[in-house]
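Asks: Below is one structure. I have some questions about it.
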Amino acid sequence: MIITQQKNIEEIYDMIKPYSKILVAGCDGCCQPPRSINEAKVLAQMLELKARSEGKELKWKAITVLRQCDDRIAATTVRPFIEHYDAIVSLSCGLGVVMMNRIFDNILTYPAQDSKFGGAENNAENNFAEYCETCGECLLGVTGGVCPMAGCAKNLSNGPCGGTVNGKCEVGGYTHECAWIKIYERLKKFNRLDLFNKYRPPRNYRLWSSPRFIEINKTFTNEETEPQKEEN
C-alpha cells in the first residue's frame, strides 16, 4: 500500500484560496491511513472554517472514489460533479492526483496529502514501515524476503557496510536494524547462506529510472530495456 500523510491545513488552503466552490474527493484505494468519505468531509469543514476566519465563503461537496488512480472509475464517479465546482482537492496519493488532472483537464486537482513510501502497517508497533522501493529488479527471492533496497539506507546489494553496531545502522543514529544483518539471520535460519554468499552484479538502474512504462499483458526481459539497434 502507499503510505500517505495529510498536508498542513494552511498549505492546502493556500492552494485553493482563489476558489469559492471546491469538490473534496476521498479515495477508497490503497492509501494508508484510509482517506475516504469521512476524512473528505472533515477536511472540507476545516477548509470552510479557515475561509470563514478570513471573511470568505467556501462552498464544498465531499465524495469518495473507489480508486482515483483508475481512469475509468475516477471518470465515471467524479464527472457528474465537476461542472459545479472550481477546483478539486484530492485525498489520494500522488498517483490519483496525476490521474485526476489527466482525466479532467479543464479543472485543476490539488493534493491534500504527501505520498511517503510503499509500505505496510505494523499494528503491534503502531507504525507504517517502508518495505519496497519498486526498484524494478526484485531481490526478495535471494534475500530471505527482506528488501535491501528499502531496508538499507545505502541501497547495498552485497552485504552490510562497516557502519553497523550490534545490528543497528549508523544512518539514523543506530536506531534502525541493519537490513543485511536481518537478511543473514533469515537465510541462516533456513540453511540458505549459499544465497548470502552469492555475488550479485551491480544494480541495473535503467530499470529504476523515471518515467517507467510497462505494456499491459507483455513480459519484459532485461534485454528489452535497451532500444534495438538497426543493422546496416
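The values are calculated or read from the model by the stated rules, or taken from the named source; none is laboratory data. In this text the structure is predicted, and so the values were computed from the model without any measurement. Positions of Cβ are generated from backbone atoms using ideal geometry, with glycine treated the same way; all protein chains shown enter the neighbour counts.
Asks: Hey, can you tell me all the residues within the stretch 154-206 that are exposed (fewer than 13 other Cβ atoms within 10 Å of the Cβ) and in contact with a strand residue (DSSP E or B) (Cβ under 9 Å, 6 or more places away or on another chain)?
Replies: The one that is exposed (fewer than 13 other Cβ atoms within 10 Å of the Cβ) and in contact with a strand residue (DSSP E or B) (Cβ under 9 Å, 6 or more places away or on another chain): T175.
Asks: Kindly provide the set of residues from the stretch 118-136 that are closer than 27 Å to K198 by Cβ and without any contact (Cβ under 8 Å) to a residue 12 or more places away in the chain, ordered by number.
Replies: Scanning the stretch 118-136 gives a single hit, A129.
Asks: Does the stretch 173-188 hold any residues that are under 23 Å from E130 (Cβ atoms) and not in a loop (DSSP other than H, G, I, E, B), and which are they?
Replies: First pass over the stretch 173-188, keeping only residues under 23 Å from E130 (Cβ atoms): 173-187.
Residues satisfying the conditions are E177, A179, W180, I181, K182, I183, Y184, E185, R186, L187.
Asks: Would you please name the residue that is nearest to the chain's Cα centre (by Cα), looking only at residues in the stretch 106-136 that are at pLDDT below 85, part of a loop (DSSP other than H, G, I, E, B) and surrounded by 14 or more Cβ atoms within 10 Å (Cβ to Cβ)?
Replies: So the residue we want is E133.
Asks: Please pick out the residue among C152, C169 that is in contact with a His (Cβ under 6 Å, 6 or more places away or on another chain) and either closer than 20 Å to I2 by Cβ or not aromatic (F, W, Y) (or both).
Replies: Just one listed residue meets the conditions, C169.
Asks: Further question: List pairs: first in the stretch 155-179 and under 15 Å from R200 (Cβ atoms), second among the hydroxyl-bearing types (S, T, Y) and surrounded by fewer than 16 Cβ atoms within 10 Å (Cβ to Cβ), Cβ under 7 Å, 6+ apart or cross-chain?
Replies: If the second residue must be among the hydroxyl-bearing types (S, T, Y) and surrounded by fewer than 16 Cβ atoms within 10 Å (Cβ to Cβ), the pairs left are N158/Y199.
Asks: Shifting gears a bit: Take the residues in the stretch 137-170 that are of a type in the set (S, T, N, Q) and assigned to a loop (DSSP other than H, G, I, E, B); name whichever of them is nearest to L193 (Cα to Cα).
Replies: Filtering first and then ranking leaves T143.
Asks: Are any residues in the stretch 33-65 among the polar types (S, T, N, Q) and buried (at least 16 other Cβ atoms within 10 Å of the Cβ), and if so, which ones? Walk me through how you get there before you give the answer.
Replies: Keep residues of the stretch 33-65 that are among the polar types (S, T, N, Q), which gives 36, 38, 45, 53, 64.
Across the stretch 33-65, the qualifying residues are S36, T64.
Asks: Need pairs with beta-carbon distance below 7 Å; first residue within 22 Å of T164 (Cα to Cα) and free of Cβ contacts under 8 Å to residues at least 24 places away in the same chain and within the stretch 183-209, second aliphatic (A, V, I, L, M) and in a helix (DSSP H, G or I); sequence gap 6+ or separate chains.
Replies: Correct list of pairs: L193/L187.
Asks: Report yes if some residue within the stretch 59-72 is in contact (Cβ under 8 Å) with a residue 40 or more places away in the chain and more than 23 Å from the chain's Cα centre (by Cα); otherwise report no.
Replies: no
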